[in-house]
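Comments concern the structure below.
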């Protein structure tokens, strides 16, 4: 064995989780190694070329506020951006970008390669070394042994990956990559429990073979958007996406070939995601639906490959041709890469602490698709948190955990480690109970301070952030202090703004509550100062949604009481008298950090929570007695 | 100090006559009690000294009506059972004043205590010492189990079916709004605000109707939960008819149900007796044989009083004996029916199997022995052997309270729509209403909304 060196943290896999994990750890000053089985496929997007959308875009902004890279990297490589849900409330506005896939990879690679404290190497990890219940190092396929304090598994869909297209199946990772076949047995040998999931992707087709005149153009927004608080990109060359629909003929071709669909022949055993069904599943499950929409999306500025969103499939290639060619605009389509399904090993995330460290193996972390999630954003968010916590562990600092009231990242990780998942997990805004607080527009306000405390927020970012935060507070104070009386002049102003006259004295703050009024309108009539658009947005949201926001803030506060009641690590749940049997088993398995987390475990009733509180009090008094 | 919200519960066993106590604990205990109490001396509760009882009346603040004459006892923190401020309202022990006063206390923003919660608070606040911790846990466990049993047992099929149906309607609405929020680029028809508004209006009206019936006690009526068990053709229906016919029982038919679920209330010596799931017994004609001993066991668990019917004209069967075993530790009366036919049954054997439980010989068909049975029931109740379970009683108040809260959330969501607020704000109260109703049916919050989204809509890229 060749002892090749030692690191504080080794990150296995350079996808979206691995990149964030490695950057965070290195930026927090611990010596980090990022290994990938292919240097040319760092930060690859094997599925669609999009970043963001509801809840996912929220995650990207949160990652950014904590000093992560995904937001900046997307801003720099986007070829289209749209703000979705603008007809709904600000809490669910969601930024979505199409990225140039190759450029995304190149820029991320450049960032990684130039990061202090970080080495990037092409290596395939085959074995995990564990000593005395803690990670000691990893062994590579080529014989090198690296010693380390922490390992972050971020292997995506590569663990024992298997590709299925029609009757053909072979071992492999996504997009023609190799699979990592030995690592999951090494994990299993160390007692890690493994699940088998499935996901899939549609064909990539040749732009030149498409007739866009038969599709509906989907341009980006005219206004330039950015994910990152630090990006100032004001103009951007944008490419359009295209919308078209399946029809009865498409469905007939698929129905006629269901006997060749691996999902229905039993060739695929892994559990697939419900929110990302293949076209064959959609047609079987929603038989009555006469047509399904699909988006044709560019994969980049310098390629003719187009992604056919909505048509994920593992049917044989000839059938893919047959059904695609029934679709308006795709009559002469040429496939460049066929759609495929991929089955892969992943880790049951209930084995993890909220820091993403394994409960049973010290220093071993797991992040991203390996934890049973799907999506680049979900992966990046976990990678960031795993990287932070590995660095905190190395440095002997307390763990960094976000609560459900702090961030979507908190919702995501709490769901995973508390409830687990039986399908590839996707974040959704409906999973967040405090959605009105966890907005994408205030991710910076919610998290920059925490990022700063950790040491991931630069002086420049922090300066910009405090300026914005203070301007919001000042403006709100000014509005509240600006009284208006029902004088003839005021009534004239209100009339000209199309708003009702005052019946008694009021404040500009109260006037801003009116749905028909905004800051700019008040500014023009009531001598208010000019403020940046981002400040204006926060002020308006704070005033107009005050009631709802307050309600949720109170809920968070109430829940925080139980979150603050920490459960000691050595609790023997099996022997807590009075707990229901199911609660005992679940608590012993999940080992929640707090009574709050315990209460969210399915099968733990309010009575069990009461009993835990009594037990905790008993535990505390015994401790004092000794 | 373990500081939390204010809770209330009925602290006494519920029975006819005597004194009933409503106990309130927490920071708002004295102000809330004070807001309902009119002291004869006109002194406000806030100045009432600890451990001194004041005489006066409880007045409904909404209409100024006097509900009952009571004694108000105030115990200020930390010199109380829970070490919090405690107020106790001592009223007449009948179900009506207890229920109305508890209802008023809850309407004033006090939360109904969880089972064992006073004891839990006493412990967490250091009122009980460490050696009592196990006992505290036992109280919580036992009361929870009892109340769960009752919660399930006292839900009439029709009532819970209705609540479930409304809940499902809310869920569909929420799932639709959520799907459009989370999948804006999927093919999901946006719900127009007027559709949301009319759906919320309709649900409000539905809940109002349900509340009305709850208030008149037609659906949520407390009674001594009584189950009649026995072999097929042993005469269960005849016994029921005998009880009903003689006592001009109140037969409650719950309107609008597809299944013909009938709850029978028999008034025996002033005690309302609720015979459970009679329709079930009638339909299947046999609990023991066709549904088996397991079902009988279930029925027994939920009952306050068990009437076991045996056939005097046949020898004891294996099932009979098994069911008799189940009666151990429960309040039961054994009825040997069909005494009009030649006797075959071995009475000594019966006595051996049922311990000291009363055994009465009857003929349900001829109506003989029924009077004796009624006497036995009355005696058991008044001697305290059987008490109407607190569960039924509290559930009644609890259900009304939850229905009202759910209705208020729906009204709030309606107001949100009217104010032109976006769907993500509307959903907040819809979800709250849905969660509230789940407290009645015991359905826990889980992945339901997300499951519903994927059931209702074809989503996916």
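Arrange the following residues from fewest to most other Cβ atoms within 10 Å of their Cβ: B:448, A:470.
A:470, B:448
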Taking the reciprocal of mean 1/r across every pair of different Cα atoms in segment A:116-241, the Kirkwood radius in Å is 19.3 Å
Cα gyration tensor shape for chain A, rounded if a/c is under 1.5, else prolate or oblate:
oblate
Once Rh is set to the Kirkwood radius over Cα pairs, what Stokes-Einstein translational diffusion coefficient, in µm²/s, holds for segment A:564-625 at a temperature of 37 °C and a viscosity of 0.692 mPa s?
287 µm²/s
Let me confirm one metric for peptide A:126-133, namely the mean number of other chain beta-carbon atoms within 10 Å of its residues' beta-carbons.
0
Using the 10 angstrom Cβ neighbour count as an exposure proxy, how do B:5, A:414, B:408, B:429 rank, fewest first?
B:5, B:408, A:414, B:429
Taking Rh as the Kirkwood radius computed over alpha-carbon pairs of segment B:51-95 and applying Stokes-Einstein at 4 °C with viscosity 1.567 mPa s, one gets a diffusion coefficient in µm² s⁻¹ of 111 µm²/s
Apply the a/c threshold of 1.5 to the C-alpha gyration tensor of segment A:36-75 and tell me whether it is rounded, prolate or oblate.
oblate
Sort A:168, A:151, A:205 so that the residue with the fewest other Cβ atoms within 10 Å of its own Cβ comes first and the one with the most comes last.
A:168, A:205, A:151
Row for segment B:7-113, column shape: gyration tensor on C-alpha, a ≥ b ≥ c, rounded if a/c < 1.5 i.e. under 1.5, prolate if a/b over b/c, else oblate; value rounded
With N residues in the protein assembly as shown, what two-decimal value do you get for its Cα radius of gyration over 2.2 N^0.38 Å?
1.08
Hey, what did segment A:564-625 get for relative contact order, percent, Cα under 8 Å, at least 6 apart?
33 percent
Over all residues in A:613-624, what is the mean tally of Cβ atoms on other chains that come within 10 Å of each residue's Cβ?
4
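Within 10 Å of each Cβ of A:287-300, how many other protein chain Cβ atoms are there on average?
Average neighbour count from other chains, rounded to a whole number: 1.
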Could you tell me the center-to-center distance, by alpha carbons, between segment A:597-615 and segment A:236-287 in angstrom?
42 Å
Note down the relative contact order for chain A as a percent, whole number, built from C-alpha pairs under 8 angstrom at least six residues apart.
16 percent
Can you give the three extents of the C-alpha atoms in segment A:1-79 along their principal axes, from longest to shortest, in whole Å?
47, 26, 20
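Where a number appears in this text, it was derived from the coordinates with a stated rule and is not lab data. Small disclaimer: the values here were computed from a predicted structure and weren't measured. Here Cβ is always computed from backbone atoms with ideal geometry, including for glycine, and neighbour counts include all displayed protein chains.
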